[in-house]
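Peer 1: A single structure is presented below for examination.
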Amino acid sequence: SQTLPSLWGIPLKYLSLVALAVQNSALTIIMHYSRVSTPPSRTYSAATAVLMNEILKGTISLLIAFSRIEPSPSAYEVGQAPYASQRPFARRLLVRLRELSREIFSQDCWKLSIPAILYVIQNNLQYVAASNLEAATFQVTYQMKILTTAAFSVLLLRKKLSTTQWLSLLFLAVGVGIVQIQSGVDKSASMAASATAGVHSMNPMKGFLAVFAACFTSGLAGVYFEMVLKNSQADLWVRNVQLSLFSLLPAFAPIIFDQHTTGAQIGKGLTSTLFENFGAWAWATVWVQVLGGLVTAMVIKYSDNILKGFATSLSIVISFLASVALFDFQMTITFVLGSVIVLIATWLYNQHPARINLAINKESWM
Ligand code: C5P
């Protein structure tokens, strides 16, 4: 059998899955805390956070992609033009840079623009959801992305689902529904309490709408990214760089729009509006999100989507316990019931994985 790539003797496959589970719960909690711990007037800009995430993730991916480039030695050993005048080290560096830019700006790089735009929308929606829902409620409801991922896999990848899997998707919807009903009742009381206390008040309806929209983009972007990745030879890290590059423009758009409508009126510069109230918790949220993007890429590479589902469902349990401990989250019987149904549905869905039919009609989609 093949030896798996490992770190400190632990296969990267398992390391990345555990990292994703821990990252998922950490992000939900830190993002929620960073949004609701300050009064609305002192909230940092989510658009800036999304942009920072893409810049940092893109830079790290670029460095990894660069370190993985293996140019054919002939070009710099022979010392042909245009490298003849350079020292061997500089020659090697130039060849690698040229090779990397050729890979990044490949003919098919435009394909990444679709998941890039979708992920930017999704990452912005996550902040709306985290600001308006309890961390654990957000986490459970966000599991609906398994449903959208399945739907887009059937539609775009022509994946076949077993009866058990369709049944588990139904369970998932029921479980999420139960959690939602309970949260809606709970929130009217907590909204009234927080309004009198002068802290950030949450609007669960707005939160749920944001989660549903984010589930839709997550499914579509994920399946599209998988389709691009599995239909070409390009390196995963190069694809990540392309994804970040195409994210820059849509990530910048809301900032420019914001600056135009608010910043310009009070006569502030772009950077001061951009990083207003951008404290330690905002940076912590951004870095955990950067880690998530990189780990997601590793899970796709060293593992598969089936195990990714397990990691995410494990993170629900971690988030629950942390929410109870950190935010005084009330775990009611309906919440536990709904969450248990979601966990069982996730487990059931992963029991009989149907093979992904990758023999798709490339011409029609790519
Ligand atoms: O919830 P979901 O699994 O759809 O979230 C994926 C997250 O990972 C998004 O925030 C997206 O920006 C990020 N991502 C990434 N690089 C990839 C795939 C996803 O940064 N190759």
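The values are calculated or read from the model by the stated rules, or taken from the named source; none is laboratory data. Bear in mind that the values here come from a model prediction, so they are computed numbers and not experimental data. Every residue, glycine among them, receives a Cβ derived from its backbone with ideal geometry; neighbour counts consider all protein chains shown. Each accessible area value is taken on the protein alone, full model and side chains, heavy atoms only, with ligands, DNA and RNA left out. Shrake-Rupley method; radii C 1.70, N 1.55, O 1.52, S 1.80 Å.
Peer 1: Could you look through the stretch 267-298, keep only residues that are part of a helix (DSSP H, G or I) and over 30 Å from residue 308 (Cα atoms), and pick out the one that is modelled with the highest pLDDT?
Peer 2: 274
Peer 1: Residue by residue through the stretch 26-67, note down the ones that are of a type in the set (D, E, K, R) and either at pLDDT 90 or above or surrounded by 23 or more Cβ atoms within 10 Å (Cβ to Cβ) (or both).
Peer 2: Hits for the stretch 26-67 are 35, 54, 57.
Peer 1: Also: Report yes if residue 163 is within 13 Å of the ligand (Cβ to nearest atom), open to solvent by 30 Å² or more (accessible area, probe 1.4 Å) and of a type in the set (Val, Ile, Thr), otherwise no. Please lay out each step first, then the result.
Peer 2: Working: within 13 Å of the ligand (Cβ to nearest atom): no; open to solvent by 30 Å² or more (accessible area, probe 1.4 Å): yes; of a type in the set (Val, Ile, Thr): yes.
It is false that residue 163 is within 13 Å of the ligand (Cβ to nearest atom), open to solvent by 30 Å² or more (accessible area, probe 1.4 Å) and of a type in the set (Val, Ile, Thr).
Peer 1: Still on this structure: Being more than 12 Å from the ligand (Cβ to nearest atom), open to solvent by 20 Å² or more (accessible area, probe 1.4 Å) and outside any loop (DSSP other than H, G, I, E, B) is the filter here, so list the residues in the stretch 216-244 that pass it.
Peer 2: 230
Peer 1: So if I check each of 213, 253, 264, which one is modelled with pLDDT under 80, assigned to a helix (DSSP H, G or I) and either near the ligand (Cβ under 10 Å from one of its atoms) or of a type in the set (A, V, I, L, M) (or both)?
Peer 2: Working: 213 fails: modelled with pLDDT under 80; 253 fails: modelled with pLDDT under 80.
That would be 264, the only listed residue that is modelled with pLDDT under 80, assigned to a helix (DSSP H, G or I) and either near the ligand (Cβ under 10 Å from one of its atoms) or of a type in the set (A, V, I, L, M) (or both).
Yes/no matrix, rows are residues, columns are (1) at pLDDT 85 or above; (2) open to solvent by 70 Å² or more (accessible area, probe 1.4 Å); (3) within 16 Å of the ligand (Cβ to nearest atom); (4) in contact with a strand residue (DSSP E or B) (Cβ under 7 Å, 6 or more places away or on another chain):
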site	(1), (2), (3), (4)
86	no, no, no, no
90	no, no, no, no
98	yes, yes, no, no
119	yes, no, yes, no
134	no, no, no, no
152	yes, no, yes, no
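Peer 1: Keeping to the stretch 108-130, report how many residues are of a type in the set (Gly, Ala, Ser) and more than 15 Å from residue 244 (Cβ to Cβ).
Peer 2: 2
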